[in-house]
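Input: a single structure, listed below in C-alpha cells.
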Amino acid sequence: MPRATDARLWVLALSLATPFAQAQEAATAAAAPAAAPRSVVVVQAGRVLAEPGKAPRGATTIVIHDGRIAALLDGRQVGPAGARVIDLGDRFVLPGLIDSHVHLDSDAGGQAALIEGVTSSPGLDALRAQWNGMKTLRAGFTTVRNLGDANGATLALRDAVDNGWVMGPRIIDAGRSISVTSGHMDGTLSVAENLHPGITQDNLCNGADSCREAVRLQVRRGVDVIKIATTGGVNSRIGAGLGQQMFADEAKAVVETAHLHGKKVAVHAHGTDGINVALAAGADSIEHGTMPNEETLRLFKQGGAYYVPTLSTVNGYRERLAKDPNAYPPAVLEKVMWRLDITGKALERAVPAGVKIAFGTDAGVSKHGRNADEFELMVQHGMTSATAIAAATVNAAELLGLGKEVGALRPGMAADLIAVSGDPLKDVTVLKKVEFVMKGGQVVPLSD
C-alpha cells in the first residue's frame, strides 16, 4: 500500500464516506496535496480486529470522516493535511463493545434496591442512568440494550444521547418490562398494599388480550424492544420460585404483537418450561436461560434466537453479601445461593450445541463499568476469547438490529472503537483495562 504522498489515496478514502463517492473522486483525484476537512480523523494502531470472528490485521490506519469509518489502510499512514492524527502506538484496536442486557438506572440490589425504589425520583433516576452510562461507555461499551426501568429514565437518556445533549452509550431501550400480575416485573411485590396505587402497573398483563395491550402501551412510549418475563426471577420478592409464570397463549400474544410493530422480544427466563414457552412463541433472545433441556437447545436452533447468559450477576451477589449477609430477604437469598451454584452450566451446554450467543451482563445486578468481567466467565464456561468477543460485537449487533451500524470496523459504519494493551484474543481479561474509547468518531474522556 503506498504512503500518503499519493494524495489520491486519501481522496478515495474520504469519498467512500459520502453518497457521491464517484463524482467526488473524479473531481478531486488530480488534486495535490489533498487537504482533509476538519471532520477527518486518522487513527493509527498496532493491530486491528476489524471483523470479529476473522483474523486481526497488523499495523493499520483507520480513516474516519464525519464520525464514520471511511477506510482501513495497511501500515501506519500519515494523514492528509489538516486531519487529526491519533497515534495509539502498538495497541490492539477492536470495535466498540456491546452489552445486550443492562439496567442503567440503578446499581443497588436487595433491600437497598427496595428502599431506592420508594425514595428516588424520575429526575434522580435519569441522572443516575447517565452516571452509570458513562461508567459503561468508559469501560469500552459503546452500545447497550437497556432491558427495563420503572419510569422512563433511560428512555429519556437515550434521546438525550441521540440529540447530543449528553455523552453516553448508544441505547436500545425496552421501557417497562412486562410480566403477569405477581410475576417477576410486578413492582408491588413485598410493598405495603396501601402503597400499590402509587406504583405503575400498566406493565402487568393477564390473558392474551391483556398482554397485547401491555405491549402496545410500551410501543406507544417509543421503546425499541420489548422485554417480558415468562418465569420468576432471583430478585423477585415472592416465594414462587423460578418456574413458568406466563401461559403459552400470553407469551405468544406478546411476541406476535411486538413483531407486528417491528419490535424484537427479549425474555427473562430461568426455569425450563418458561424458556421453552418463550422460544416456541418466537422470542428473539432468552436472558439468563439458566435451566435448559434438550428441547430448549432444539428450539434455540430452530428459531435462531440468541442466548444472553448474564453470568456476572453472581459477582454482584457475592459482593453485596460480603458487605452485608442480610442484603437480601430470605425468599430472595435462597434463590441467590442457587444462582451462585448453577451459573455457567447452561452456557456449557449451549456452546457445543451451536446456540447463538450474545454478550449481556445484567449490569445493575452486577456493577456498572465492570461489564468486561463477563468475558472471563464466558471463557471459563466453554467459550474461547475469540467467540466471546464476537458475542459482544457482531453477534450482539445482529441481535439488536444494528449489524450495519456497529459491531465491526467497516467503511460506512459508525466509528465506534476501543484500544487495549495486549492481545484480547489470547487473554480476554485485557478488556477489563480499556485505554482508549471512541464513539461515533468522538474520543471519550476516560476520567472527568
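Since every read-out is calculated from the coordinates, none of them should be taken as a lab result. Just so you know, these numbers come straight off a predicted model, no measurement behind them. Note that each Cβ is placed from the backbone with ideal geometry, even for glycine, and that neighbours are counted across all protein chains shown.
Things to note:
- Among beta bridges that DSSP assigns inside the chain, antiparallel share in %, nearest 5: 40
- Considering only Gly282, Gly354, Gly304, the Gaussian network model of the chain with Cα springs below 10 Å gives its largest mean-square fluctuation to Gly354.
- Among Asp362, Asp448, the ranking by other beta carbons within 10 Å of each residue's beta carbon, starting with the fewest, stands as Asp448, Asp362.
- Length available on full extension from Lys301 to Leu217: 0.36 nm per residue minus the Cα-Cα distance, which gives 27.1 nm.
- Residue by residue, segment 140-152 carries 3J(HN,Hα) couplings of x, 9, 8, 9, 9, 10, 8, 9, x, 8, 7, 9, x Hz when phi is fed to the Karplus relation 6.51 cos²θ - 1.76 cosθ + 1.60 (θ = phi - 60°); x denotes Gly or Pro.
- Cα shape, segment 97-399, gyration tensor, a/c 1.5 rule: rounded
- Linear extension gain, Leu340 paired with Asp324, 0.36 nm per residue minus alpha-carbon span: 4.1 nm
- Across segment 366-374, computed HN-Hα scalar couplings (Karplus, 6.51 cos²θ - 1.76 cosθ + 1.60, θ = phi - 60°) run 8, 7, 5, x, 10, 4, 5, 4, 4 Hz from first to last residue, x flagging Gly and Pro.
- Long-range HN-HN contacts of Met413 with modeled amide H, under 5 Å: Ile69
- By other beta-carbon atoms within 10 Å, ranking Arg339, Arg145, Arg410, Arg212 with the fewest at the front produces Arg410, Arg212, Arg339, Arg145.
- Put simply, the amide H of Ala81, placed in the peptide plane, has neighbours under 5 Å in Ala34, Ala36, leaving out anything fewer than 5 places away on its chain.
- C-alpha center-to-center spacing [segment 292-340, segment 193-271] in angstrom: 19
- Dividing the helix sum by the residues of the chain, where each DSSP H run of 4 or more adds -39500 (n - 2.57), gives a mean residue ellipticity at 222 nm of -10000 deg cm²/dmol.
- Here's how it looks for Cys205: its modeled amide H is under 5 Å from those of Ser179, Val180, Thr181, which are all 5 or more places away or on a different chain.
- Taking Ser39, Ser106 and counting other C-beta atoms within 10 Å, the order from fewest to most: Ser39, Ser106
- The mean sequence separation of alpha-carbon pairs under 8 Å and at least six residues apart, normalised by the residue count of the chain, gives a relative contact order of 18 percent.
- Annotation for Lys404 and Thr387: the two label points, set 7 Å from Cα along the Cα-Cβ direction, are 3.0 nm apart.
- Dipole-positive endmost among Pro197, Ser100, Gly152 within the chain (Cβ charges, Cα centre): Ser100
- Charged-residue dipole, Cβ positions (Lys, Arg, Asp, Glu), segment 195-280 about Cα centre, Debye nearest 20: 280
- Between Ala174, Pro122, Val437, the Cα set farthest toward the positive side of the dipole of the chain (charges on each charged residue's Cβ, about the Cα centre) is that of Val437.
- Sequence-separation-based contact order of segment 390-448, relative, with Cα cut under 8 Å and 6+ spacing, percent: 23
- Between Ala59 and Lys426, the simple label model (points 7 Å from Cα in the Cβ direction) yields a spacing of 1.9 nm.
- Using the Karplus relation 6.51 cos²θ - 1.76 cosθ + 1.60 with θ = phi - 60°, the per-residue 3J(HN,Hα) values for segment 269-274 come to 7, 10, x, 4, 4, x Hz, with x marking Gly and Pro.
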